[in-house]
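What follows is calculated from the coordinates using simple rules that are stated; it is not laboratory data. Please read all numbers here as calculations on a predicted model, not as lab measurements. Counting neighbours? That spans all protein chains shown, and the Cβs are built from the backbone with ideal geometry, glycine included.
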Amino acid sequence: MKTWKRVLSMGLSALITAGCSLPVLAAGDITEKEETVYVVLEPDGSVRSQTVSAHLHNESGLSGVADRSTLTDIENTHDTTAFTQAGEELHWDTDGTDVYYKGSTSRKAPVSAEITYELDGSEITPEELAGKSGRVKLTVKLVNNETGTIQADGKARPVCTPFVTMVAAVLGKGWTEVSAEHGKITGAGSTQAVGFVCLPGVRECLEGVGSDKLTELEDHLLDQVSIEGSVTDFALPDILIACATDAETLRENGFSGLDKLEGLDDDMDSLRDGMDELLDGADRLAEGAAALESGAAALVAGIDTLYAGGASLQSGAAQLQQGARDLSSGAAQARDGAAALQTGADNLYAGLSDLRSGAGALYGGYSQLKSGADSLAAGLNTLQSKGPELTDGIGQITGAVGQLYEAAGPDSKLMAGAQAFGDSLSGAASGAGGAVASLPEPSAFAPDEAHAADPAYQQLLAAYTGAYSAAGGMAGGLAELDSAYGLVLGGMKQASAGIGSLQAGANGAEGLTAGITAYTQGVADAASGAAQLQSGIGQLGASLPALTDGVDQLIAGSGQLSAGAGSLSQGNAALADGAEQLARGTDSLAAGASELLDGIQKLAEGAASLHSGTADLRDGASALQDGLERFDSEGISKLTGAVDTEKLPTLRAVTAAMRERAQSYDSFAGAAEGTETVTRFVMKTAGQEQEATQAEESAPAEEGLEHESFWQRVAALFGK
């Protein structure tokens with residue numbers, strides 16, 4: 001509880017001490033202005049008259065220096081120096097450093113007073129009270145007229161400019177048994193005085209952020225003060241009110257009599273000396289404790305997240321463990337598959353070697369085939385060219401039919417050779433087709449994931465694809481040759497049949513003619529087939545080099561494939577060993593994740609304890625309390641109270657706004673921009689009018705504005 005009382009006292013006392021130090025009078029072009037506002041009050045506190053006395057000073061002289069004032073009826077109270085005025089701007093016709101002047105204004109003072117009187121518990125006017133006796137209560141209610149609002153905690157909060165206000169009442173004869181709650185009483189007998197130091201309007205600004213617990217702050221958070229006493233033959237007392245935004249302004253320049261009000265000045269000194277340190281220390285404590293509590297809460301929340309992550313880690317470790325085991329099993333299968341691939345690659349190499357031998361033999365047979373086809377075509381062309389001659393030389397043919405029959409008849413060697421060639425060609429075409437069909441398609445050797453990026457494997461696959469395509473082309477060419485040769489053989493058979501007819505009908509003209517016709521047609525058909533045979537053989541010849549080269553590349557690639565398969569087999573063996581080690585490692589990881597989860601649980605429990613401890617730290621703040629104990633003995637304990645921690649931000653906002661208003665308040669009647677201004681207000685009831693008038697008139701004539709006639713009387717009443 002003491003901690004928060006000090007936090008509250010820190011905020012409130014900052015209002016009292018705001019701007020305690022006046023600016024040091026600077027040399028050069030700095031213009032300084034002191035304003036004293038004199039207000040003469042009626043006995044009920046209403047304003048009878050108001051005068052402002054100003055002192056303008058510039059160490060370098062006032063020639064050409066602009067002043068500003070809203071006063072009317074301005075007159076020089078020190079000498080005959082004249083001035084010129086344009087609106088609110090003044091220029092004093094002097095080279096001197098000081099000008100004293102006064103004027104009038106209708107502007108309302110920042111603090112006003114309402115004074116009421118009671119006699120034996122009943123309110124009474126001061127005129128009615130004069131000369132009566134009984135128990136009298138005099139109440140001075142102070143009203144702060146410098147108010148505004150700020151937004152704090154989501155709503156508008158009232159703020160005011162805090163004016164340190166001194167209220168003093170000089171009691172006349174006949175006052176006894178005087179009491180004054182929150183005030184200081186000095187003197188005895190017929191010379192008693194009562195004094196108060198107040199902060200009018202501040203209590204209302206703190207409503208809801210601690211004012212309900214400010215019973216101990218009544219000595220200073222006052223909007224009204226009361227004096228009670230038994231009075232014989234009542235006479236109106238002299239009531240004096242002085243205020244400014246800081247206590248030093250009241251103390252300096254003629255208000256030194258304040259130190260005669262036993263204890264009031266000491267209270268303000270104690271507050272002024274300690275509040276800056278209190279404010280800084282308590283702010284750091286409040287912010288640090290709040291940050292620590294917030295951080296502890298964030299730690300608890302973070303540990304919850306960490307715990308969830310630990311659970312996910314444990315689950316993920318189990319999945320990784322199973323995956324490592326699957327990888328180990330798969331790596332072993334890959335190792336066995338790589339060995340099988342190597343065996344297949346070796347077999348492919350052997351088969352391709354045989355294919356290369358067959359391709360070589362095919363190339364040799366092609367040369368012979370081409371030579372025979374060329375000879376056959378030439379012979380058939382020759383026979384075809386001789387057809388017309390046969391028609392013209394039937395007589396001559398008769399003798400030669402026998403020779404022709406012997407050379408090209410059905411039983412001739414030519415027909416037997418042609419038939420044998422056709423059989424060989426059909427066998428070669430069939431064998432080539434079977435050989436191509438027995439070869440695996442290139443898609444059978446599509447790379448798996450392990451060889452997808454292997455350049456040697458890709459080169460080998462491309463070579464095999466080319467050889468496979470060339471072999472297919474060769475088989476197709478042989479099939480076309482076989483088909484074309486069938487036409488040739490058919491023609492030759494027709495020609496041979498014609499020769500037989502010639503032989504049979506050599507003795508008859510009709511038979512001979514028919515034989516010649518059949519012979520001619522057969523030769524033409526044979527010549528056409530021979531031309532097709534030549535074309536097919538040419539295509540076959542064009543395909544043979546590609547086939548041979550492709551087979552050579554395929555053989556070289558199969559060797560690389562075999563070697564690569566061996567390396568793959570070895571690599572997969574190493575992979576299998578590594579996967580097995582990984583599986584064992586994931587077993588350890590899973591066990592460690594479980595231990596980590598247990599540790600996070602313990603950390604969460606400890607963080608909860610830390611969070612609870614930070615709350616205790618916030619409430620205790622024992623280190624700061626020890627450092628502030630000395631202020632309790634100097635009057636600070638009077639400004640203690642209690643607020644909820646949730647209201648601290650609002651309290652700070654309100655006190656900061658009031659502090660700023662106090663620091664920015666400068667001139668009452670106007671001052672030029674850049675002028676350093678100090679303003680104070682002095683109010684007194686009509687009973688003091690004579691002394692007040694003397695003070696106003698004599699003040700400008702005395703360096704430093706020491707209004708001794710006013711304050712000396714207060715001091716004298718205290719026996720000084």
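For the ranges 231-238, 457-464, 115-122, what's the packing order if you count other beta-carbon atoms within 10 Å of each residue, average per peptide, and put the highest first?
On the way: 231-238: 18.4, 457-464: 20.0, 115-122: 15.0.
The most tightly packed comes first, giving 457-464, 231-238, 115-122.
With r as the distance between the Cβ atoms of Asp448 and Asn381 and R0 = 60 Å, compute the FRET efficiency 1/(1 + (r/R0)^6) and round to 0.05.
Plugging the Cβ-Cβ distance into 1/(1 + (r/R0)^6) gives 0.55.
For segment 119-246, what is the convex hull volume of its Cα atoms per residue in Å³?
Working: hull volume 15.8 nm³, N = 128.
Convex hull volume per residue, Cα atoms: 123 Å³.
Just from the alpha-carbon atoms, what are the Rg and Dmax of segment 407-454 in angstroms?
21.9, 67
With the calculation restricted to Cα positions, what are the radius of gyration and Dmax of segment 86-154 in angstrom?
Here Rg and the maximum Cα pair distance are 22.4, 62 Å.
Could you state the principal axis extents of the C-alpha atoms in segment 36-146, from the largest down, to the nearest angstrom?
Projected onto its principal axes, the Cα set of segment 36-146 covers 62, 28, 23 Å.
Please compute, for the alpha-carbon atoms of segment 56-95, the extent along each of the three principal axes and give them in descending order in Å.
Here the Cα extents, ordered largest to smallest, are 27, 19, 14 Å.
Taking Cα pairs under 8 Å and at least six residues apart, what relative contact order does segment 137-201 come out at, in percent?
33 percent
Points 7 angstrom from Cα along the Cβ direction at Glu89 and Gln601: gap in nanometres?
So the two model labels end up 8.3 nm from each other.
Stretched out fully, how many nm does the piece from Thr305 to Glu177 gain, at 0.36 nm a residue minus the Cα gap?
Numbers: separation 128, 0.36 × 128 = 46.08 nm, distance 7.20 nm.
That pair, Thr305 and Glu177, stretches by 38.9 nm at full extension.
Set the bar at 29 Å for Cα to Cα. Now go through Lys33/Lys137; Lys386/Lys413; Lys132/Lys184 and name every pair that lies beyond it.
Working: Lys33/Lys137 40 Å; Lys386/Lys413 21 Å; Lys132/Lys184 26 Å.
From Lys33/Lys137; Lys386/Lys413; Lys132/Lys184, over 29 Å: Lys33/Lys137.
Which distance in nm do the two modelled labels at Gln663 and Ser438 give, with both placed 7 Å along the Cα-to-Cβ direction?
10.5 nm
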